[in-house]
Amino acid sequence: MGFIILSAVTFQQSLAQQQKKKPNVLFLFADDQRADALGASGNPYIQTPNLDLLASEGSRFENAYVMGGNHGAVCAASRAMLLSGKSLFHVYDKLKGERTMPMDFAKAGYTTFGTGKWHNEKEAFEASFQQAKNVYLGGMADHYSLAMRDYDENGELGEPTFKGYSTEVFAEGAIEFIEDHVKSGIDKPFFAYVAFTAPHDPYSPEADYINYYPEGSLPLPGNYKPYHPFEFDDLMVRDELLTGWPRKPEVIQMILSDYYALVTHLDTQIGKIIQTLKENDLYDNTIIIYAADNGLAAGSHGLLGKQSLYEHSMNVPMIIKGPGVPKNETFDAMVYLYDLYPTLLELAGLPKPSQVDGKSLASILSGKDSDVRTSLFTAYRHTVRAVRTPEWKLIRYPERDYTQLFNLKNDPLELNNLAENTDYTSTKDELMSALRDWQKISGDTAALTTKVIKQLKYDPDTLTRKPDRWQPEYTLKRYFEGKKN
């Protein structure tokens, strides 16, 4: 009997030692951050020292993408894909009943924790995380006034309370979890998911960061346009209503000043989380991921939002740092956000998930492979489809019977449409064929040319705007009552 007890104790000690060796995982997720709104990506105007340091101590993927969205709230579909590991046409924007990444980590003995924005059903959050603090159930919100929920005694998200500026409150929740985890003495690794609402609009920076980037100090995007050159979907979807038409250069610069301030404040709070890891001797054994759910136009192509398939809206930042990840590396492999699910499991030494569409990027990080796919497919609603290779990008608008073709090597800002240039007919045909192949693989049944064709032309003077209920006083005065608008 004593031998059996001793064996059981020895087994438990051995299991604890194995778990202790497992790396922790800290997933930091931004909302609406363009891939180029980062110092590490080569942007000389924005200040993101903590994220830049993270990139230098890890690896950055410069061709990381969200696959697209089913409706204007692209972030909902993006988060569903990320957390389920499934592609756009295999999971909608709901996660109830789906197996999620944190579930696999919990099954492997990890303590799972979630804080921040959750846009994919309350029940799915409760099924995914063992611990929670400062959780926001919803999409759009006022950064100064977010309804935060904690777990109650039943392990369910309780009634909402209002605690302060969102970026800081989410960071505080993560820091508190890390500190409590260490104090508990529980010999288990953790998986912490921290989903911020910044730099998503409303563009209302924390008070100390207002005018951090003075108005007029930031250059316009290289593909700035006063109007989008044609109509292809709802040009008054929520993101587009922040300013009028034409998009005045000084207002776009104003937007960028606020947008960059939100990112820099976010960077500061992330620095505090990372410092907490270091102070508790957890930094070296923690896989840290930084990414964003989708990009943003912010004046590019005459657009403000992310409801298009241009690079500025689909390309996102992606940084991975930690055990098994090379330092100061940049990879140009074409990857999706939902590739992170199998990637993190492999990096943590956990079993490969069987239900995902994503591909592990571990072989790229190890230098074994240079890519996991030769092209990328993106989609928005039923109105836009696109495919890209390392050099080329084709965007198709079925309702308009219109195509764009860009050479991304020579024209990364997507300004010179080569679709009607006969010198590139074969390239266009090859990409259209690739687009059809991607549709079959992905389960996308949308026609690439609809029966009824709508016109491309539109009258911007007929577009009217009004603020929504989430806009705080700062943005109401700045973007809806100011003379510039």
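Can you tell me which lysines have their Cα less than 18 Å from the Cα of LYS327? Leave out same-chain residues fewer than eight positions away. Within the straight-line limit of under 18 Å, LYS327 reaches these lysines: LYS278, LYS368. Treating each Cα of the stretch 353-485 as one equal point scatterer and applying the Debye formula with no solvent, the log10 of I(q)/I(0) at q = 0.11, 0.13 Å⁻¹ comes out as -0.64, -0.80. Over the chain, the Kirkwood radius and the radius of gyration, each from Cα atoms, give a ratio Rg/Rh of 0.98.
Specify whether the C-alpha gyration tensor of the stretch 136-209 places it in the rounded, prolate or oblate class, a ≥ b ≥ c being the square roots of the eigenvalues: rounded for a/c under 1.5, otherwise prolate if a/b is larger than b/c and oblate if not. Prolate is the answer for the stretch 136-209, as a/c is 1.5 or above and a/b outweighs b/c. Across all C-alpha atoms in the stretch 127-271, the radius of gyration and Dmax reach 19.1, 60 Å.
List the trypsin sites (Lys or Arg not before Pro) within the stretch 406-485 that fall in a DSSP loop (any state other than H, G, I, E or B) and whose Cβ has at most 16 other Cβ atoms within 10 Å. Mind dumping the intermediate values first?
Details: sites: LYS409, LYS428, ARG436, LYS440, LYS451, LYS454, LYS457, ARG465, ARG469, LYS477, ARG478, LYS483, LYS484; in loops: LYS409, LYS451, LYS454, LYS457, ARG465, ARG469, LYS483, LYS484.
Hits after loop and neighbour filter: LYS409, LYS451, LYS454, LYS457, ARG465, ARG469, LYS483, LYS484.
Checked against a 28 Å cut-off, the cross-linked pairs LYS163/LYS248; LYS21/LYS96; LYS359/LYS440; LYS117/LYS484; LYS393/LYS477; LYS409/LYS451 give Cα-Cα distances beyond that limit for LYS163/LYS248; LYS21/LYS96; LYS117/LYS484; LYS393/LYS477; LYS409/LYS451.
To the nearest 0.05, how large is the calculated FRET efficiency for PHE230 and GLN275 if R₀ is 56 Å and r is the Cβ-Cβ distance?
Working: r = 48 Å, r/R0 = 0.86.
Calculated value: 0.70.
If you place +1 on the Cβ of every Lys and Arg, -1 on the Cβ of every Asp and Glu, and leave all else neutral, what size is the dipole of the stretch 351-485 about its Cα centre, to the nearest 20 Debye?
Working: 24 positive and 19 negative charges, 117 e Å.
Rounded to the nearest 20 debye, it is 560 debye.
Can you list the lysines whose alpha carbon is less than 16 Å from that of LYS22, not counting same-chain residues fewer than 8 positions off? The reachable lysines, counting only those whose Cα sits under 16 Å from LYS22, are LYS107, LYS188, LYS321, LYS352. Between the listed residues LEU256, PHE129, TYR213, the Cα displaced farthest toward the positive end of the dipole of the chain, a dipole computed from Cβ unit charges relative to the Cα centre, is found at PHE129.
Would you mind getting me the FRET efficiency between ASN416 and LYS457? Use the beta-carbon distance for r and R0 = 25 Å, nearest 0.05.
Numbers: r = 21 Å, r/R0 = 0.83.
About 0.75, to the nearest 0.05.
As a calculated quantity, the FRET efficiency between ASP187 and SER145 at R0 = 35 Å, using C-beta atoms, amounts to about 0.30. Extent of the stretch 382-454 along its three principal axes (Cα atoms, max minus min coordinate, largest first): 32, 28, 21 Å.
Are there GluC sites (Glu not before Pro) in the stretch 167-249 that DSSP marks as loop and that have at most 16 other Cβ atoms within 10 Å, and which are they? Numbers along the way, then the final one.
Values: sites: GLU168, GLU172, GLU176, GLU179, GLU206, GLU215, GLU231, GLU240; in loops: GLU206, GLU215, GLU231.
Hits after loop and neighbour filter: GLU215.
Put a plus charge on the Cβ of each Lys and Arg, a minus charge on the Cβ of each Asp and Glu, and nothing anywhere else: the dipole of the chain about its Cα centre is then about 760 debye. Helices that extend 15 Å or more along their long axis by alpha-carbon positions and average at least 0.0 on the Kyte-Doolittle scale are, among the DSSP H runs of the chain, 2-21, 74-84, 249-279.
Bear in mind that the values in this text are calculations on the coordinates, not laboratory data. This one's a predicted model, so the numbers in the text were calculated from it and none came from an experiment. Cβ atoms come from the backbone with ideal geometry, glycine included; neighbour counts cover every protein chain shown.
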